[in-house]
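Below is one structure, written out as structure tokens; the observations come after it.
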Amino acid sequence: MSYFRTALLLAGLTALFMGVGYLIGGGTGAVIALAIAAATNLFAYWNSDRMVLAMYGAHEVDRATAPELVDLVAGLAARAALPMPRVFLIDEAQPNAFATGRNPQNAAVAVTTGLVQSLSREELAGVIAHELAHIKHHDTLLMTITATIAGAISMLAQFGMFFGGNRDNNNGPGILGSIALMILAPLAAMLVQMAISRTREYAADDLGARIAGEPLWLASALAKIDNAAHRIPNADAEHHPATAHLFIINPLSGRGFDNLFATHPSTENRITALRELGRELGARGAVSPADAGHAPQGPWYRSSSSRGPWG
């Protein structure tokens, strides 16, 4: 399913690229746009994760610089039967997190400093397990390529705003193209919203809760992150709104066209689903190794009073 959805998305984005090219330069512009789209798709497949991490100034940490965080990720990854992902910290006050990478063997988990400073260890485990669930479901390739190409389409549309109207107006697409280009940036956002199904968040919540072993940890974390995201702006996310769907909670303020990127389901609904899962599973520790996707629980868990040093 992951490969089919990825191919379908790339085909749609390529068609949109060609449409923008046609509005700017007619048939020749469409051909050029097709070539650019092909190159962008190929580049995004291999490099989009690095680009997204660079957008947010993420720096990699290890056991020497952030031992407790890395050990937590390692224990949860082992429980989920996943290769150890690279771990990144983002110097950002808003608590949030995302996963990226073209496959589980080349995955990364990025968390903000605000996240590790504001959550208990149990809540942080829930968030990291959610991101590992995205990796296990192979969501990260689709999510990251979408962010890269949708951002490129928005930039191309802005370019067309300045040059699209210079075509021969007798051909029609000159004037109409200029008007159309004015709405292509939010159109790209809407494409992201449609392409990235909201159900993936529910699925990642469910599997993440099973990996962590306690659904209420993630439920509590979501409530805290959602509350903070409304109070603490994320400037990098506002500058790169096409990446908003990567995060566990929408990092955007919701002003202007930002609401078009609201790819996340209601936080209240997600918490309700997690509470129902908790009641279904019963007491803490009721999750079986088969549910979590790996052998018995590893030594990743510690008391909630232990949070640092995080690097």
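Listed values, structure above:
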quantity	calculated
Residues with amide H under 5 Å from that of residue 81, placed H, sequence gap 5 or more	none
Ranking of 230, 264, 134, 239 by count of other Cβ atoms within 10 Å, fewest first	239, 230, 264, 134
Ascending count of other beta-carbon atoms within 10 Å, so fewest first, for 127, 116	116, 127
³J(HN,Hα) computed for each position of the stretch 108-120 - Karplus, 6.51 cos²θ - 1.76 cosθ + 1.60, integer Hz, glycine/proline x	9, 10, 10, 10, 8, 5, x, 5, 6, 7, 10, 9, 6
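Computed from the coordinates by the stated procedures, all read-outs in this text should not be read as laboratory data. Please read these numbers as outputs of a predicted model, since none were measured by experiment. Methodologically, a virtual Cβ is constructed for each residue, glycine included, from the backbone with ideal geometry; neighbour enumeration extends over all protein chains shown.
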